[in-house]
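Here is the structure we will look at.
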Amino acid sequence: MNSVPLPRAAGNDPAEPPVPGTAAMRQPLARARHLPGTIYASPDILAREQERIFLTRWLCVGRVEELPEVGDYLTMRIANQPIIVVRDGAERILALRNRCVHRGVEVAYGQGNAREFTCPYHAWTFDLAGHLTGAGYMKGAEWDRDTAHLPAVRLETWRGWMFVNFDADAAPLAEWMRAFEAPLAYYRSDEAVLGDKLVVEVKTNWKFVVENLLDVYHVGTLHANTFGKFMRLLRDDLPFDALPNGGLSLRFGSRPMSADGSQSFPILPWLENDLGFAAKANIFPNMNLSIRADSMRMWVMWPLAVDRTQIISYLLVSKDAAAQPDYPARLEAYRDYMRSIVAEDRTAVESLQRNATAADFTPGPMSHLEAPIHHVLNHYLDAMQL
Ligand code: FES
Ligand SMILES: [Fe+2]
C-alpha cells in the first residue's frame, strides 16, 4: 500500500508526531487534550483513514434480514469503494465490487431486487454472484471472458449483522468480535429484528459523531429536555470495559427512548426484569451499538468528505414487537422522538466542525466522563500511526 503524505508543519522535528498536537491525546486522561483540528479537517488525514482504517477493518453494512429473498441487494460506497451486498441464487449473502469489468461503471444503484445486474453504460450483464453473463458487440475482441466477474469482497456475519472487509489478510470477523461476545451477550441482537433504518447526513467529520455517541458528559445538558433526564451513571467515575482494537463496553441506567421514558416497543423478553438497564458498545472504527429495555440501535458513521458524514441508525426490536398491528404507529412516534434527539446532536457536532477545526483553536482538557473517548482516540492514533 502507498502511504499517504501527512501535513507537516515547516521545521517540525521528525521525531515529533507528524500532526502537531496529537501527542497531548497520548497523555494519561488527567493531562490529555482533545485532538487538534487538523485531524478533523485535513483531506490527507481522511485519505490515510481510508487506507489504514476503512480498508482494513470489518465494517457493518446492515442486517441479514434486509435481504430476505434471492436477488435482494443493497449498494453502498465505503471509502469511495462502491459495493453491492446481495443474496445470490444459492441463497448466500455476498459482497461484490460494484464496478463493471468493462470500463468500471457501477452496475447497481440504491437497493431492490434484481434477477441480474445490467451495467447502465454498455449493457454488460452479470449474474447475482457477479459472473459476466452477457457483453454485446464484442465479436473479434480478444479477452478472457470466463474470468470476467465483479470481484468479491469478504463478507461475514455476526449475530445478524453483515460486515465487509476489503483486506484479504484480515483475521476472520468472529475473531475480531471475540472480545465483544461476553459484554454483548445480553444484547442478543441475533434474536431481535430490524425495525427501522434511519439515514441522515450531518455537516461534520465522522469522528465527531463517533465521539459524540461515546460522550455521556453532554447528555445531561444537550439532551436535558429529551432523554438526558432519564439517564443516570452507575458510578461517578464511569467505569467501562476497555476492549482490544479500540472497542469498549459501557453500562449505565436509563429508560426506553421516548418522550416520557415509557417503552416505545414491547420490552425485549430477556430484559423484562431489567427495565432500567442501558448499555452501549463501541466497535472501532465507526460503529456504536446501544441497548435499552425495549430496543437496540446500531449507529454507523460513514465519511463522505472531511466535513460530511452519513449516519445510518439501525433500530432492532423483538420479533414479536415488529409483528404487532400497532407497530407502524409506535414506530412513527419513536421516529419523531429520535429526530428531535438527532437535531440536538446536529447543533453540537456541526458547531464542532466550524470551531474546533479553526487554526487558532487550542483543544481543551478532558473530563473523566470523556474517558471512553480517550480510549478510542488513542487506538485511532495507533491505527493511523500518528
Ligand atoms: S462500463 Fe459497463 S458495460 Fe461498459
Ligand atoms: Fe447526544
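The values are calculated or read from the model by the stated rules, or taken from the named source; none is laboratory data. For clarity, every value in this text was computed on a predicted model and none was experimentally measured. Neighbour counts run over all protein chains shown; Cβ positions are idealised from the backbone, glycine included.
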### Query
Do we find a residue being crowded, with 20+ Cβ neighbours inside 10 Å, of a type in the set (Ser, Thr, Tyr), away from ligand 2 (no atom under 16 Å from the Cβ) and touching a residue at least 40 places away in the same chain (Cβ under 8 Å) anywhere in the range 149-161?
no
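Only one residue in Ala41, Ala79, Ala24, Ala15 is of a type outside the set (D, E, K, R), modelled with pLDDT under 95 and more than 24 Å from Pro172 (Cβ to Cβ). Which one?
When all the criteria are applied, what remains is Ala15.
Do any helices (runs of 4 or more DSSP H) lying entirely in the range 276-386 carry at least 3 residues that are of a type in the set (Val, Ile, Thr), and which ones are they? Even if it seems obvious, please write down each step before you answer.
Working: elements: 319-323, 327-355, 371-384.
Answer list for the range 276-386: 327-355.
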#### Entry: Which listed residue is away from ligand 2 (no atom under 16 Å from the Cβ), buried (at least 16 other Cβ atoms within 10 Å of the Cβ) and of a type in the set (D, E, K, R), from Arg87, Arg115
Arg87
### Message
Can you say whether Ala95 is under 29 Å from the mean Cα position of the chain (by Cα), more than 13 Å from ligand 1 (Cβ to nearest atom) and outside any strand (DSSP E or B), as far as the supplied structure shows?
### Response
no
### Message
Scan the range 105-112 and tell me whether some residue there is buried (at least 21 other Cβ atoms within 10 Å of the Cβ) and away from ligand 2 (no atom under 16 Å from the Cβ).
### Response
yes
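Would you pick out the residues in the range 229-240 that are within 19 Å of Phe180 (Cβ to Cβ) and either under 20 Å from the mean Cα position of the chain (by Cα) or surrounded by 18 or more Cβ atoms within 10 Å (Cβ to Cβ) (or both)? Working first, answer last.
Let us first name the residues in the range 229-240 that are within 19 Å of Phe180 (Cβ to Cβ), namely 239-240.
The answer is Phe240, and nothing else.
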### Query
Restricting to the range 51-75, what's the tally of residues that are touching a strand residue (DSSP E or B) at 6+ places or on another chain (Cβ under 9 Å), closer than 27 Å to Lys207 by Cα and not in a loop (DSSP other than H, G, I, E, B)?
10
